[in-house]
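Derivation of every value follows stated rules applied to the coordinates shown; laboratory data play no part. Nothing here was measured: the structure is a model prediction, and the numbers come from that model. Every residue, glycine among them, receives a Cβ derived from its backbone with ideal geometry; neighbour counts consider all protein chains shown.
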């Protein structure tokens, strides 16, 4: 490939990603606006959440050229609430999980997301939870809120690595978030996401077509977990389950 052809390819990809970024902004703003109007009219958060799963998320994964493959969902009893814990490769993970989980799904998001126009409005209106990483006093309150959400029969997703993986390696799971499942008496559901980091890397906006696979593991009971040691043991078991799910594609 000569220098001119290489420059043309880089320009084409640059234009492609710029158009994709603009599409993402307008698509997100449009569907969130509609979802908020529906929520205002119906007062039903479940309807607004399923709009994300059936309309917003498919548009973004499809627009990225991604094909979603879901494995193991049929073996899960979705009539029960779960604390869903997943590895975190990309922001498109949220789209993949919204689509893969067949019930209304709440997320635990970093506090900065609450300040993002449209996204923050939607998240707050739909009962999402936010973590204040720089405020240690916020932890107990957040765990109570998460336990109450789970206890009310809702499924909550968190990314216990704490941030997106820049290398694809799954970092150890932090145990603090698992306390809410223990307090609510609900199972932890490990989930592995594979391929999302290739479709949309964690740095910048460089979309590439590919396959995103979401694999559901076996639920982990929380009844025997007690104290900090039991909480961390549960987190370690979930981490091991996610790693095993990822190895299925190896």
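Tell me the angle of helix 227-247 to the major Cα principal axis of the chain, expressed in degrees between 0 and 90 and rounded to the nearest ten.
The angle comes out near 40 degrees.
Within the chain, what percent of beta bridges assigned by DSSP are antiparallel, to the nearest 5?
Values: 5 of 25 bridges.
If we restrict to bridges inside the chain, about 20 percent are antiparallel.
Give me the distance in nm between label points sitting 7 Å out from Cα along the Cα-to-Cβ direction at residue 209 and residue 240, one decimal.
In this crude label model, residue 209 to residue 240 measures out at 4.1 nm.
Give me the log10 of I(q) over I(0) for the stretch 1-123 at q = 0.13 Å⁻¹, as the Debye formula computes it from C-alpha points; what are the numbers?
-0.63
Nearest 0.05, what FRET efficiency do residue 6 and residue 174 give at R0 = 51 Å with Cβ-Cβ as r? Please report the intermediate quantities before stating the final value.
On the way: r = 43 Å, r/R0 = 0.84.
Efficiency computed from Cβ-Cβ geometry: 0.75.
Can you put 186, 69 in order, fewest other beta carbons within 10 Å first? List each step's numbers first, then the result.
Numbers: 186 23, 69 15.
Going from sparsest to densest Cβ surroundings: 69, 186.
Please work out how much length the chain gains when fully extended from residue 38 to residue 132, using 0.36 nm per residue of separation minus the C-alpha to C-alpha distance, in nm with one decimal.
Values: separation 94, 0.36 × 94 = 33.84 nm, distance 2.92 nm.
Taking residue 38 through residue 132 to full extension adds about 30.9 nm, to one decimal.
So for the stretch 1-114, averaging the separation of alpha carbon pairs under 8 Å that are six or more residues apart and normalising by length, what relative contact order in percent results?
Details: 48 pairs, mean separation 31.5, N = 114.
Normalised by residue count, the contact order of the stretch 1-114 is 28 percent.
Calculated from DSSP H runs of 4 or more alone, at -39500 (n - 2.57) each and per residue, what is the 222 nm mean residue ellipticity of the chain, nearest 500?
-14500 deg cm²/dmol
Give me the angle, in degrees from 0 to 90, between the Cα long axis of helix 3-42 and the longest principal axis of the Cα atoms of the chain, rounded to the nearest 10.
With both axes taken from Cα atoms, the answer is about 40 degrees.
Using alpha-carbon pairs under 8 Å, 6+ residues apart, how would you state the relative contact order of the stretch 3-247 in percent?
On the way: 418 pairs, mean separation 59.3, N = 245.
With pairs under 8 Å counted, the relative contact order is 24 percent.
Any idea how far the Cα center of the stretch 133-204 sits from the one of the stretch 79-115, in Å?
The two parts, judged by their Cα centres, are 8 Å apart.
Helix 138-151 against the longest principal axis of the chain: what's the angle in degrees, Cα atoms only, rounded to the nearest 10?
With rounding to tens, the tilt is 80 degrees.
Write down Rg/Rh for the chain, rounded to two decimals, with Rg from the C-alpha atoms and Rh from the Kirkwood relation over Cα pairs. Please report the intermediate quantities before stating the final value.
Numbers: Rg = 18.6 Å, Rh = 18.9 Å.
Looking at the chain, the ratio lands at 0.98.
Apply the Kirkwood formula to the stretch 54-150: the hydrodynamic radius equals the inverse of the mean of 1/r over all pairs of different alpha-carbon atoms; give it in Å with one decimal.
So the Kirkwood estimate lands at 15.1 Å.
On each of the three principal axes of the Cα atoms of the stretch 131-177, give max minus min coordinate, whole Å, ordered largest first.
Per principal axis, max minus min of the Cα coordinates gives 36, 25, 14 Å.
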